[in-house]
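Student: To start, I am sharing the structure in question, which I have written as structure tokens.
Rule-based calculations on the coordinates, nothing more; no lab input. Since we're looking at a predicted model, the values are computed, not measured. Methodologically, a virtual Cβ is constructed for each residue, glycine included, from the backbone with ideal geometry; neighbour enumeration extends over all protein chains shown.
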Amino acid sequence: MSLKRTALTVATLSVSAVLLAACSEPAEDTAATSESSQASSSASSASDSEEKTTITVYTSEPEEKVDEINAAFMAANPDIEVEVYRAGTGDLTARIEAEKASGSIEADVFWAADAATFETYAEAGDLAELQDVDTADIIDEALDEENFYVGTRIIPTVIAYNTEVVDQADLPTSWADLTDPKYAGQLVMPDPAVSGAAAFNASVWKNDPALGEDWINALGENQPMIAQSNGPTSQEIAGGGHPIGVVVDYLVRDLAAAGSPVDTIYASEGSPYITEPAGVFADSEKKEAAERYINFLLSVEGQEIAVEQAYLPVREDVGTPEGTPALSDIALMTPDLAVVTADKDAAVELFQNAMN
């Protein structure tokens, strides 16, 4: 469930107006013409500045995917420019904390990772309650009951494998199977200290009664390769160096569509999943523009782009990626969010100790 939140004040990024230089033509009344031209140019510049708003988005979304979304958003909203700082969730968190220590978070929209990360920022007062974001058609799994953020994709974590290297008879079908000694040296996973999804997963697994700390420690005995994030994990599986791995499902679909010999298994115990939420920083001076951006992410157009990008959507009227099970057919792990949030740091530490 959601945590109790308190309000804090956060300074925001400001944008300077760009002044246009006025040019006077030779004429009898040169000074008057020049003054008139300068006044007209200044008024035009002020008008342009008022009409054009620049928002900054901090995101972990892959570069080519966020670029596609932003191009579509700016085409539909020509009065708004979008600037992006893209990094893994761990790096984004470090940047935000450094900016808070300096007195201001220099962004308007946060679009990354998992609900547990957003719960932490909401608890600290760093997020504004959403005022004009339309969530009427959004599935319950993506909603925050206190409306500080909203999920934009359903991204389950799956077991993925290289179809050319792994014999079908040897495929794992569950998280428990991955602790079998026959998989020693064959596994690869993302680093939860870098990947927000991996950190969330570590806490979900640690607090699952059927898995827990014993499972994480047993998994460590199989010496998985720890890749920096989900992207390198998926590439390692596709290359066959470590042919079985734990990774978010859309990356496997991306690779399979590009011709890589990879496929997915949804673990029998259920899949931990993230919703890649979006929220607005509390003292953003551009809340209206920031909320328009989030509305676009949730819109039919925005969600159709998400489906084209191999994501499961957060609304049911836009279809799903080709070959993907219906969301209702995927067993999802639904732990207590407050527990997962509070225990995430301890889970990451446990995971790192177990894998060393």
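Student: Between (1) 1.06; (2) 1.00; (3) 1.15, which entry matches Cα Rg over 2.2 N^0.38 Å as derived from the coordinates of this structure?
Tutor: Matching the structure shown: (3).
Student: So, one more: Let me check against my output: what whole-number percent is the relative contact order of the chain, with C-alpha pairs under 8 Å and at least 6 apart? Walk me through the numbers on the way to the answer.
Tutor: On the way: 683 pairs, mean separation 88.2, N = 356.
Normalised by residue count, the contact order of the chain is 25 percent.
Student: Right, something else. Which of the residue pairs Lys65/Lys100; Lys65/Lys182; Lys206/Lys286; Lys52/Lys344 have a Cα-Cα distance greater than 31 Å in the structure shown?
Tutor: From the list (Lys65/Lys100; Lys65/Lys182; Lys206/Lys286; Lys52/Lys344), the Cα-Cα distance tops 31 Å for Lys65/Lys182; Lys206/Lys286; Lys52/Lys344.
Student: Relative contact order for segment 92-244: what is it in percent, counting Cα pairs under 8 Å that are at least 6 residues apart?
Tutor: 24
Student: Among 288-300, 61-73, how do they line up by average Cβ neighbours within 10 Å per residue, starting with the highest?
Tutor: 288-300, 61-73
Student: Going by average Cβ neighbours within 10 Å, how do the peptides 230-239, 308-317, 214-223 rank, with the highest at the top?
Tutor: Highest mean packing first, the order is 230-239, 308-317, 214-223.
Student: What is the sum of charges around Asp317, taking Lys and Arg as +1, Asp and Glu as -1, for the other residues whose C-beta is under 10 Å from the C-beta of Asp317?
Tutor: On the way: positive: Arg315; negative: Asp137, Glu304, Glu316.
In short, -2.
Student: With r defined as the distance between the Cβ atoms of Ala101 and Gln352 and R0 fixed at 25 Å, what FRET efficiency is calculated, to the nearest 0.05? List each step's numbers first, then the result.
Tutor: Working: r = 25 Å, r/R0 = 0.99.
After rounding to 0.05, the efficiency reads 0.50.
Student: So, one more: Label segment 233-356 by shape, choosing from rounded, prolate and oblate, from the square roots a ≥ b ≥ c of the eigenvalues of the Cα gyration tensor; if a/c is under 1.5 it is rounded, and otherwise prolate applies when a/b is larger than b/c, oblate when it is not. Numbers along the way, then the final one.
Tutor: Numbers: a/c = 1.82, a/b = 1.19, b/c = 1.53.
It comes out oblate by the Cα gyration axes.
Student: Follow-up question, since we're still on this one. Express the relative contact order of segment 232-352 as a whole percentage, based on alpha carbon pairs under 8 Å and six or more residues apart in sequence.
Tutor: It rounds to 21 percent for segment 232-352.
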